[in-house]
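Accompanying notes for the structure given below.
Nothing in this text is a laboratory measurement; each read-out follows from the coordinates by a stated rule. No experiment lies behind these values; they were computed from the predicted model shown. Note that each Cβ is placed from the backbone with ideal geometry, even for glycine, and that neighbours are counted across all protein chains shown.
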């Protein structure tokens, strides 16, 4: 996640907390810090939160980066973890191959 998206996410979180304060306690923290809802600085903060929300809107449709897709798996990735239901390795074929290599 880039720096711009992190800043946008922080702004969205600030906006969400402010809306929570408004909903639960009827207290607008941004307005009280910057001099009311009509003050220039309050409107700037509200605008930055809105722009951050628009940037974070792209995160809603972005595929997960953390998910790894494995295309191939080995049959014996953990040989010590065999159960009675698993397939046992065929050591007979391996022995035959090693014998053929020794003959050459």
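Quick rundown of the values:
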| item | result |
| --- | --- |
| Sorted by Cβ density within 10 Å, fewest first, the residues 30, 4 | 4, 30 |
| Which of 99, 28, 64 has the fewest Cβ neighbours within 10 Å, and the rest in rising order | 64, 99, 28 |
| Potential lengthening between residue 62 and residue 41 on full extension [0.36 nm per residue; Cα-Cα distance subtracted] | 4.3 nm |
| Stretch gain in nm, segment residue 14-residue 29, where the contour uses 0.36 nm per residue and the Cα spacing is subtracted | 4.4 nm |
| Cβ-derived FRET efficiency at R0 25 Å, residue 54 paired with residue 22, nearest 0.05 | 0.75 |
